[in-house]
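Notes for the one structure printed next.
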Amino acid sequence: MAGKSISKTLVWILMGLLILGLGGFGVSNLSGNVRSVGAVGESEITINEYARALENQINAYSAQLGAPVSFAQAQQAGIDASVLSQLVSVTALEEETRRLGISIGDANLREQITRIPAFQGIDGSFDREAYRFALDRAGMNEGDFEADLRAQQASTLLQNAVIAGVHAPEAYTDTLLRFLAEERDITWAVLDRDDLQTGLPVPSEEDLQAYHDANPAEFTTPQIKRLTYAWLTPEMIIDTVEVEESALRAAYDERIEEYRQPERRLVERLAFADTAAADAALARITGGETSFEAVVEERGLELADIDLGDVRQIDLDGAGDAVFAASAGDIVGPLDSPIGPALFRINAVLAAQETSFEDAQPELRDELAADRARRVIDAQIESVDDLLAGGATIEDLSAETEMQLGQIDWHEGVSDDIAAYDSFRVAAASITAEDYPDVAQLEDSGIFAMRLDEVVPPALLPLEEVREQAEEAWRLQAVEEALNTQVQAQATELKSGTTFEELGMTPQAATGLNRRGSQADVPPELADTVFGMAKGDVELIQGGGRVFVLRLDDIRQPDQSDEELTTLRQSIAEQNANSVAQDLYQILAADIRSRVGISVNQQALNAVHANFQ
């Protein structure tokens, strides 16, 4: 069963690459005299195969970042190299199956093809015309496609033979389970400068200089990229966009249900098997014997199960008249409903609301103007790109278009103005002095282009410029050291059995700590320390001008009968087995590559990359 599951998964992934991933990139334009970007032995990696895989990975990276990614950025992230490496591994398996003569046979090949949805007609059966049409759109013929599918299925058989039956060792799984599920009970107290038995320390000039010298990273400026940019966002031009009244009225009419809302009720509906049962329940409620909530609970329900939300009279069919004649807090019924006789409780009355066209006009205008502003900017991308290609500078863009000029000293952590956009920060992080300015999009459909003017290296600021910062940092450190010295003897007493209260400390406690997640009431400073302690140990942890006095009270091993831990153990075993299987797969692919050799056609790779520029 495991082998079949792996096989099906790989088939659909491959079909996604071969058929579903073809939209948006002109792979047919890449067909020429050169057919492949490389080969493993005698098995080729075709140009179209590489182009499709590369596009899919760039699209996935763009979705991950939430902004379009240029090919230069994709290269900077190593996506092209990763795609080629993955294809080499897949092709290595295909080469080995070819060498061994492994094949799935015509009957199995036919079954795989007829099960692909893209090749089926409206009745769900295989449609040869749909088959031909899909392959034609993909720039493939039947022979090439079937040869590819045959090779991929054969390599799946080989892969399954290598990884089938892989299991994680029991001892390894048990060790990881203990590591993740062991529980700790702790007690701790927090001491700060108010707990010092001596006065607050006062630094001398020598103290400050020594601290400054010993901690240069705290007083060193980050590397700064001095950038000049031009940008244009919908917000910048929204006030200049004309919106006709006819368009506003059309938008108002389309959303008339939003602007004209009838009276509504917040209603709960509790249905019964018959009218007699509903009457009996209502009598108990109105007679004060029970409450509506208690009746709901008796039925094995929760209030969320019977909540209808806000409803209009028409939504309640025959029950609407009675419900809308009642007031907030009333319970009415039994009334007919689609699920039987029911009691209805009215929780609130929402008055009818009507927003006139005049009142809705500002909101509608902002929305329509913003949409048109986005389209105006989108229409300018090509012309701005042409200006840059013709040698225009960033300053020229500001002079010849509506784009606004700006400058920024950017480094990690700067997020003001244009740096508030993720896409700008990604581009700023990767830009170099050799990069040619091009147009990129912002998350709100704005555009920008930028130039790196200067890289300002990190610089250590002299003590005179950071004296106040140095004094505060020195004082925090001095307080921590003084507190640590003060409580050393008390820590020994705690370990011997003295309580926190007896030492004048205010303790806090937590039970059931484990490595699977933190507890909200436990300071994060304690997490890294507690799991390295033995039962009864006491540790002093310094940080932020405070000292934590921590004692480990108990260690409990996982309860093997716990259902949650049983599920966790199974998950650990499966993850470890998958990891071992993947390692075996990579070892096999590496062995094949070393035996048959790899060739890469850099000229063909460059040709594919040129289509992404």
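The values are calculated or read from the model by the stated rules, or taken from the named source; none is laboratory data. Just so it is clear, the structure is predicted and the values come from calculations on it, not from any experiment. Glycine also receives a Cβ, built like all others from the backbone with ideal geometry; neighbour counts cover every protein chain displayed.
Taking Ile237 as the residue in question, decide whether it is in a helix (DSSP H, G or I), surrounded by 13 or more Cβ atoms within 10 Å (Cβ to Cβ) and touching a Leu at 6+ places or on another chain (Cβ under 9 Å).
no
What strands (runs of 3 or more DSSP E) lie completely within segment 495-613 and have 1 or more residues being touching an Asp or Glu at 6+ places or on another chain (Cβ under 6 Å) and on the phi < 0 side of the Ramachandran plot?
Counting at least 1 such residues, we get 508-513, 538-543, 546-556.
Can you tell me which residue is nearest to the chain's Cα centre (by Cα) among those in segment 422-441 that are within 16 Å of Phe71 (Cα to Cα) and in a loop (DSSP other than H, G, I, E, B)?
Ile431
Kindly indicate which of Ser356, Ser337, Ser327, Ser291 is hydroxyl-bearing (Ser, Thr, Tyr) and buried (at least 17 other Cβ atoms within 10 Å of the Cβ).
Answer to the selection: Ser337.
Quick check on Ala210: is it outside the structural domain of Ser327 (by TED's automatic domain parsing), of a type outside the set (Phe, Trp, Tyr) and either at pLDDT below 90 or at positive phi (or both)?
No, not satisfied.
Tally time: how many residues in segment 159-186 are buried (at least 18 other Cβ atoms within 10 Å of the Cβ) and in a helix (DSSP H, G or I)?
Matching residues across segment 159-186 total 6.
Given (1) in the same structural domain as Pro341 (by TED's automatic domain parsing); (2) without any contact (Cβ under 8 Å) to a residue 40 or more places away in the chain, where does Glu268 come up short, assuming only one miss?
(2)
So, Leu200, is that one part of a helix (DSSP H, G or I) and either in contact (Cβ under 8 Å) with a residue 40 or more places away in the chain or within 18 Å of Val549 (Cβ to Cβ) (or both) or not?
Here the answer is no, as Leu200 does not meet what is asked.
Which condition number in (1) out of contact with any helix residue (DSSP H, G or I) (no Cβ under 9 Å at 6 or more places or on another chain); (2) of a type outside the set (A, V, I, L, M); (3) more than 30 Å from Gln570 (Cβ to Cβ) is the one that Asp148 fails?
Failed condition: (1).
Of the residues in segment 56-73, how many are of a type in the set (A, V, I, L, M, F, W, C) and either in contact with a Leu (Cβ under 8 Å, 6 or more places away or on another chain) or in a loop (DSSP other than H, G, I, E, B) (or both)?
Adding up the residues that qualify gives 2.
With respect to Asp396, determine if the residue is touching a strand residue (DSSP E or B) at 6+ places or on another chain (Cβ under 7 Å), among the acidic types (Asp, Glu) and either surrounded by 14 or more Cβ atoms within 10 Å (Cβ to Cβ) or at pLDDT 90 or above (or both).
no
For Asp192, are the conditions met, namely being modelled with pLDDT under 80 and exposed (fewer than 15 other Cβ atoms within 10 Å of the Cβ)?
no
Output the residue which, of all residues in segment 511-546 that are within 13 Å of Val190 (Cβ to Cβ) and of a type in the set (A, V, I, L, M), is surrounded by the fewest Cβ atoms within 10 Å (Cβ to Cβ).
Filtering segment 511-546 for residues that are within 13 Å of Val190 (Cβ to Cβ) and of a type in the set (A, V, I, L, M), the one surrounded by the fewest Cβ atoms within 10 Å (Cβ to Cβ) comes out as Val522.
Restricting segment 547-568 to residues that are touching a helix residue (DSSP H, G or I) at 6+ places or on another chain (Cβ under 8 Å) and at pLDDT 90 or above, which is farthest from Ile186 (Cα to Cα)?
Val547
Would you mind finding the one in Val332, Val267, Val311 that is surrounded by 15 or more Cβ atoms within 10 Å (Cβ to Cβ), closer than 30 Å to Ala251 by Cα and either in contact with a strand residue (DSSP E or B) (Cβ under 9 Å, 6 or more places away or on another chain) or modelled with pLDDT of 90 or more (or both)?
From the options Val332, Val267, Val311, the qualifying one is Val311.
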